[in-house]
Amino acid sequence: MKQVLYFSAPWCGPCKAFKPVMESLQSEMSIQFIDVDASPQTATTWNVRSVPTVLVIENGIEKGRLVGARPKEEVRALYNR
């Protein structure tokens with residue numbers, strides 16, 4: 001099963017702008033919202049160096065990554081790849 005990991009931070013301007021886009025996709029995909037300040041080990045595990053970052057994970061394996069705020073269609077295309 002695919003899962004989306006959305007890495008962000010409360011101090012990040014682009015994250016604040018992008019969060020509503022990710023929230024609007026919750027009805028289409030399983031999204032886990034991760035605050036990199038609250039969960040630094042998770043960010044390190046997935047090699048997240050910048051926020052916002054979106055990862056698509058399937059069976060524990062990274063299948064795709066987007067860095068930066070992106071249009072909803074790009075996130076959807078990454079997930080459906």
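Just to confirm a number: summing +1 for Lys and Arg and -1 for Asp and Glu over residues other than LYS72 whose beta-carbon lies under 13 angstrom from that of LYS72, what do you get?
Taking every other residue near LYS72 into account, the sum is -1.
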Reach of LYS2 by Cα under 21 Å, taken over lysines that are not fewer than 8 positions away in the same chain: LYS19, LYS63, LYS72
Compute the signed sum of charges (Lys and Arg +1, Asp and Glu -1) over the other residues within less than 12 Å, Cβ to Cβ, of VAL56. +2
What is the spread of the Cα atoms of the chain along each of their three principal axes, largest first, in whole Å? 29, 26, 18
Using the alpha-carbon centroid of each, what span in Å lies between the stretch 3-42 and the stretch 49-77? 10 Å
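In the stretch 1-69, what percent of the accessible surface is made up of carbon and sulfur (1.4 Å probe, ligands and nucleic acids excluded)?
Numbers: 1940 of 3750 Å².
Carbon plus sulfur share of accessible area: 52 percent.
The values are calculated or read from the model by the stated rules, or taken from the named source; none is laboratory data. Predicted model only: the values in this text are computed from it and were never measured. Heads up, the Cβs are rebuilt from the backbone with ideal geometry, glycines too, and the neighbour counts pull from every protein chain shown. Ligands, DNA and RNA are stripped out before the accessible areas are found, and what is left, the full protein with its side chains, is counted by its heavy atoms. Shrake-Rupley method; radii C 1.70, N 1.55, O 1.52, S 1.80 Å.
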